[in-house]
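Since the structure comes first, as structure tokens, the remarks are kept for the end.
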Amino acid sequence: MRILVTGASGFIGRAVVEDLAAQGHRVRAAMRQPADIFARSVEVVAVSDLARPLEWRPLLSDIDTVVHLAGIAHTTSDVGDDLYDRVNRAATAALAAAAARNRIQRLVFVSSIRAQAGPAADHALTEGDTPYPVDAYGRSKLAAEDAIRAAELPFTILRPALIYGPGVKGNLAALIRLARSPWPLPLGALHNRRSLLARSNLVAAIHLALATPAMRNETYVVADPTALTMAEIVAALRAGLTRGPRLLPIPPALLALACKAAGRAQLWDRIGGSCIVDPTKLVAVGWRPAIDTRAGLAAMAQAA
């Protein structure tokens, strides 16, 4: 299979390219700053900033399928609605239109669970829920999904939960740094559950989407099968660092008050709220995640 992977140098993209190439696929890896990071069998190509119009058709020449990962990731900084829209929606819409003209056999789009919900939800999220993104990032991802469906080409859309793995950045990297501290942490009474997704489990879902006819024109939420409490997440990270949990059972109401008093109410939503993602639909078509969440978190902390 001849596969174009966008965002090939990113946290997910590099793992996807390496796995596809190892399986014998002919991979064209598109990235903003080409680097010698892949096997010689991988064709590396440069792409311009997706905030500006891009001519996709040359990148699609002789390509059968596309895995679209490129975009602006969710961030707490003030990126702005317009930039999210241009990079995550408009660029994806242009790619989908070009792929339809080139009769691409399948476009696998890695969206986000944030296209469906905010950082917390009062029920387990499934594909049957009406999407209700709460920020510019989520809205841009949902709009990108709609653009792909409107392009009338074969597609599979994946909505992953928060992804972890060696080299992760952002909130999980900060949590690893916190777990490295020798001090007890006031998270022992946090029994809210949050779904996470091992990067290698997401790569397995992408492989399945490329190979499975039944996944054509379908949308799937993706998460490790077992959601963990925040206390269990930190305990798993500290286990990877060969440390005990050392978690103090401070009442969640006091932690919420402290976050809000410090102007960090959104932080509390991510720490104290529940967000359970139910991947039953994906499991039903053959997805078999190999990485257990606790073991994966421990391995990530050990590698950091």
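The values are calculated or read from the model by the stated rules, or taken from the named source; none is laboratory data. The structure presented is a predicted model; accordingly, all values stated were derived computationally and were not measured. Every residue, glycine among them, receives a Cβ derived from its backbone with ideal geometry; neighbour counts consider all protein chains shown.
Brief remarks on what is shown
- Subset tally (residues that are free of Cβ contacts under 8 Å to residues at least 40 places away in the same chain and more than 17 Å from the chain's Cα centre (by Cα)) for the range 1-44: 23
- Scope the range 177-205; condition of a type in the set (Ser, Thr, Tyr) and surrounded by 23 or more Cβ atoms within 10 Å (Cβ to Cβ); matching residues: SER195
- Residue check for ILE72: buried (at least 16 other Cβ atoms within 10 Å of the Cβ) and either modelled with pLDDT of 95 or more or of a type in the set (Phe, Trp, Tyr) (or both): no
- Inspection of the range 219-242 identifies no residue that is assigned to a loop (DSSP other than H, G, I, E, B), aromatic (Phe, Trp, Tyr) and in contact (Cβ under 8 Å) with a residue 60 or more places away in the chain.
- Per the conditions (1) of a type in the set (Asp, Glu); (2) farther than 23 Å from ASN102 by Cα; (3) surrounded by 11 or more Cβ atoms within 10 Å (Cβ to Cβ), the sole criterion not satisfied by ASP36 is (3).
- Members of the range 28-37 that are part of a loop (DSSP other than H, G, I, E, B) and either in contact with a helix residue (DSSP H, G or I) (Cβ under 6 Å, 6 or more places away or on another chain) or among the basic types (Lys, Arg) (or both): ARG32
Yes/no per residue for (1) under 18 Å from LEU202 (Cα atoms); (2) of a type in the set (A, V, I, L, M, F, W, C):
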| position | (1), (2) |
| --- | --- |
| ALA30 | no, yes |
| GLN33 | no, no |
| GLU43 | no, no |
| ARG106 | yes, no |
| ILE113 | yes, yes |
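- Test: TRP287 is modelled with pLDDT under 95, in contact with a helix residue (DSSP H, G or I) (Cβ under 9 Å, 6 or more places away or on another chain), buried (at least 18 other Cβ atoms within 10 Å of the Cβ) and hydrophobic (A, V, I, L, M, F, W, C): no
- Single residue of the range 223-237 satisfying the filter (out of contact with any Ser or Thr (no Cβ under 6 Å at 6 or more places or on another chain) and small (Gly, Ala, Ser)) that is surrounded by the fewest Cβ atoms within 10 Å (Cβ to Cβ): ALA231
- Residues considered: GLY240, GLY188, GLY165. Of these, the only one that is of a type outside the set (D, E, K, R) and touching a Ser or Thr at 6+ places or on another chain (Cβ under 8 Å) is GLY165.
- Summed over the range 250-269, residues that are of a type in the set (Lys, Arg) and modelled with pLDDT under 80 total 1.
- Taken together, the residues in the range 94-144 that are among the aliphatic types (A, V, I, L, M), part of a helix (DSSP H, G or I) and surrounded by fewer than 17 Cβ atoms within 10 Å (Cβ to Cβ) amount to 0.
- Residue in the range 206-222 that is within 26 Å of VAL234 (Cβ to Cβ), touching a helix residue (DSSP H, G or I) at 6+ places or on another chain (Cβ under 8 Å) and either surrounded by fewer than 23 Cβ atoms within 10 Å (Cβ to Cβ) or at pLDDT 95 or above (or both) present: yes
- For the range 226-249, the tally of residues that are of a type in the set (A, V, I, L, M, F, W, C) and touching a Gly at 6+ places or on another chain (Cβ under 7 Å) stands at 3.
- Residue in the range 149-164 that is part of a helix (DSSP H, G or I), crowded, with 20+ Cβ neighbours inside 10 Å and touching a residue at least 12 places away in the same chain (Cβ under 8 Å) present: no
- If you go through the range 165-176 and pick out every residue that is surrounded by 18 or more Cβ atoms within 10 Å (Cβ to Cβ) and either part of a helix (DSSP H, G or I) or of a type outside the set (Gly, Ala, Ser) (or both), you end up with 4.
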